[in-house]
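J.: One structure is given below, represented as structure tokens, and several questions about it will come after.
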Amino acid sequence: MTTDKAWNSEVLAASCAADGEFRIAARFWTGGLRLEMDGRTVAITLAGGVPSAGDPGADAPGVITLTAEHEVWSQLLAARPPRFYNDTFNLMMSGKVALRADPVLHAQYYPAVMRALELLRPADPGVATAPKSAIRPGTFDSPVGRYVHIDVEGQDYRVYFEEAGSGIPVLMQHTAGCHGSQWRHLFECKAITDHFRLIAYDLPFHGKSLAPVGPKWWAEEYKLTASFLRSVPVTLADVLGLERPVFMGCSVGGLLALDLALHHPEVFRAVISLEGALNIEGDLDSLSTLWHPQVSNEYKARAMDALMSPTSPEAFRKETSQVYAAGWPPAFLGDLYYYLADYDLRQTAGGIDTGKVAVHILSGEYDASGTIEHGLAAHAVIAGSTWTGMNGVGHFPMSENPEAFLGYLLPVLEQIKSQPGV
């Protein structure tokens, strides 16, 4: 289907009306959606979430208008959009799509807007399919979970972690606003657990790691700082008695991996930085709708889809998003304080000694945040590091496409196994 063939209000309205995902995302929406290209408009009007063909007018209440050039729409509506063209979130950040709407309204109905655009795309036969479960009822998964108390900056934190396997210990840090369930697929890979003891922990305020008892944390804005974040895995390694573990983290955890390699090379034998970078530029204020009292967690959940590959299995992409939707609302934006404001290794990463701690950087093709270019820049500065580009995956390789990710991770783990002294 070409862009011109998809540029039809009746087609858009009928597709939206027949789609359960759109109907749920558009619930209570009264207004409309307008898509503009070269002076032409495709539009639907919505009444209580029910779509019909027709232009409600750009100035009518509850209307969201997206405007872009023909070339941008052609790539956005392609069966397999190229990297950075798979979602309007990325294109608005780069200025290629213009938004005319109240920002809170857009945040509220962004999932419906993106689903409407997905319905205009032809099917892509190359999208991976999540394997059907062959697990018998009553079967236990591999990891076992428990709590450990740690002292960080003079405060007791009750931290939840899950572990499986034996051998070289690997501490695994989740992404911003999320928790350790992102690593669930690795726990079931015997090629890993036969040689490595995997330990996935939830940061305080995330997942099953509750807030600390004592300080009035509810009366303060939550901000994740570099000093606090570095202290968590270092302290865990100590209290769990881990002898020079490997550290693997993604996104916030991917930056943390390089941070730990610089500041604590004596603690870790190797770090694996997924979607790592020396610095991520961004304006926290521009992301304030991620924690707006009139915007639900659906917004940040759907925004994460913008960072995933459209070829990753839909079921795993939606699972990755759902985990975000289930998080404590302030956690994601608060974690981005470290990601966008408190972390910057541009002047110091050259001091990382890979003779003391091995550094492995892996970057996903479709990640519009910790891009391939960011990963390569870090690799160029850190002498002796390795870098791998991961085709067909995005910002969450371990959860959005675990089968593809294992193909890139296993060779890195083999290198770590073969290190002298390991």
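The values are calculated or read from the model by the stated rules, or taken from the named source; none is laboratory data. Every value quoted in this text rests on a predicted model; they were computed, and no experiment measured them. Counting neighbours? That spans all protein chains shown, and the Cβs are built from the backbone with ideal geometry, glycine included.
J.: Within region 99-132, take every residue that is assigned to a helix (DSSP H, G or I) and not hydrophobic (A, V, I, L, M, F, W, C) and give me the one that is farthest from ALA306 (Cα to Cα). Steps first, answer last, please.
T.: Going through region 99-132, the residues assigned to a helix (DSSP H, G or I) turn out to be 103-119.
In the following step, the residues that additionally are not hydrophobic (A, V, I, L, M, F, W, C) were identified as 103, 106, 108-111, 115, 118.
Values: PRO103: 18, HIS106: 15, GLN108: 16, TYR109: 15, TYR110: 11, PRO111: 11, ARG115: 12, GLU118: 12 Å.
Once the filter is applied, the top-ranked residue is PRO103.
J.: Only one of ASP367, ASP353 is in contact (Cβ under 8 Å) with a residue 40 or more places away in the chain and farther than 12 Å from LEU258 by Cα; which?
T.: Among ASP367, ASP353, only ASP367 is in contact (Cβ under 8 Å) with a residue 40 or more places away in the chain and farther than 12 Å from LEU258 by Cα.
J.: Ok, one more. Could you go through region 295-315 and let me know if any residue there is within 21 Å of LEU406 (Cα to Cα), touching an Asp or Glu at 6+ places or on another chain (Cβ under 8 Å) and assigned to a helix (DSSP H, G or I).
T.: Yes.
Residues checked against (1) in contact with a helix residue (DSSP H, G or I) (Cβ under 6 Å, 6 or more places away or on another chain); (2) surrounded by 15 or more Cβ atoms within 10 Å (Cβ to Cβ):
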| residue | (1), (2) |
| --- | --- |
| PRO137 | no, no |
| MET172 | yes, yes |
| GLN182 | yes, yes |
| LYS190 | no, no |
| THR193 | no, yes |
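J.: While we're on this one: Check region 343-364 and report whether any residue there is assigned by TED's automatic domain parsing to the domain that holds VAL252, on the phi < 0 side of the Ramachandran plot, assigned to a helix (DSSP H, G or I) and buried (at least 19 other Cβ atoms within 10 Å of the Cβ). Working first, answer last.
T.: As a first pass, look at region 343-364 and keep what is assigned by TED's automatic domain parsing to the domain that holds VAL252: 343-364.
Cutting the leftovers down to on the phi < 0 side of the Ramachandran plot gives us 343-364.
Filter once more, so that each one left must be assigned to a helix (DSSP H, G or I): 349-351.
Pick out the ones that are also buried (at least 19 other Cβ atoms within 10 Å of the Cβ) and you get 349.
Within region 343-364 (the criterion being assigned by TED's automatic domain parsing to the domain that holds VAL252, on the phi < 0 side of the Ramachandran plot, assigned to a helix (DSSP H, G or I) and buried (at least 19 other Cβ atoms within 10 Å of the Cβ)), the answer is yes, since at least one residue qualifies.
J.: Read through the list (1) out of contact with any Leu (no Cβ under 8 Å at 6 or more places or on another chain); (2) within 30 Å of ALA383 (Cβ to Cβ), then give the number of the only condition that THR348 fails.
T.: THR348 satisfies every listed condition except (1).
J.: Something else now. Name the single residue that is nearest to LEU210 (Cα to Cα) among those in region 143-164 being of a type in the set (Ser, Thr, Tyr) and touching a Lys or Arg at 6+ places or on another chain (Cβ under 9 Å).
T.: Ranking the qualifying residues of region 143-164, first place goes to TYR160.
J.: Something else now. Check ARG83, ARG23, ARG34 and return the single one that is among the charged types (D, E, K, R), assigned to a loop (DSSP other than H, G, I, E, B) and either surrounded by 16 or more Cβ atoms within 10 Å (Cβ to Cβ) or free of Cβ contacts under 8 Å to residues at least 40 places away in the same chain (or both).
T.: ARG83
J.: Since GLN419 meets every condition but one in (1) among the polar types (S, T, N, Q); (2) modelled with pLDDT of 95 or more; (3) closer than 22 Å to LEU198 by Cα, which condition does it not meet?
T.: The number of the failed condition is (2).
J.: Shifting gears a bit: Out of the residues in region 139-170 that are of a type in the set (Val, Ile, Thr) and exposed (fewer than 14 other Cβ atoms within 10 Å of the Cβ), which is nearest to SER231 (Cα to Cα)?
T.: By that ranking, first place goes to VAL144.
J.: Are any of the residues in region 197-211 touching a Leu at 6+ places or on another chain (Cβ under 8 Å) and among the hydroxyl-bearing types (Ser, Thr, Tyr)?
T.: Yes, region 197-211 has at least one match.
J.: Working only within region 387-404, note down all residues that are free of Cβ contacts under 8 Å to residues at least 60 places away in the same chain and within 19 Å of VAL252 (Cα to Cα).
T.: TRP387, THR388, GLY389, MET390
J.: Out of ALA191, ALA200, report the one residue that is outside any loop (DSSP other than H, G, I, E, B), modelled with pLDDT of 95 or more and over 24 Å from LEU255 (Cβ atoms).
T.: Residue meeting the stated conditions: ALA191.
J.: Taking only region 218-247 into account, find how many residues are closer than 29 Å to ASP285 by Cβ and assigned to a loop (DSSP other than H, G, I, E, B). Steps first, please.
T.: Initial filter on region 218-247 (closer than 29 Å to ASP285 by Cβ): 218-232.
Those left that are additionally assigned to a loop (DSSP other than H, G, I, E, B): 220-225.
Qualifying residue count, region 218-247: 6.
J.: Is it the case, given these coordinates, that TYR110 is over 17 Å from GLU36 (Cβ atoms), touching a Phe, Trp or Tyr at 6+ places or on another chain (Cβ under 8 Å) and at pLDDT 95 or above?
T.: yes
J.: So which residues in region 380-407 are assigned to a helix (DSSP H, G or I), of a type outside the set (Val, Ile, Thr) and either in contact with a Cys (Cβ under 9 Å, 6 or more places away or on another chain) or over 12 Å from PRO310 (Cα atoms) (or both)?
T.: ALA380, PRO397, MET398, SER399, PRO402, GLU403, ALA404, PHE405, LEU406, GLY407
J.: Now, a different point. Residues being at negative phi, touching a Gly at 6+ places or on another chain (Cβ under 8 Å) and touching a residue at least 40 places away in the same chain (Cβ under 8 Å): count how many of those fall in region 158-196.
T.: Going through region 158-196 one residue at a time, the tally reaches 14.
J.: Specify the residue that is nearest to GLY350 (Cα to Cα); the eligible residues are those in region 256-293 that are in a loop (DSSP other than H, G, I, E, B) and of a type in the set (Asp, Glu).
T.: Once the filter is applied, the top-ranked residue is GLU266.
J.: Okay, next question. Test of understanding: among ALA261, ALA257, which residue is touching a Gly at 6+ places or on another chain (Cβ under 7 Å) and farther than 12 Å from THR175 by Cβ?
T.: ALA257
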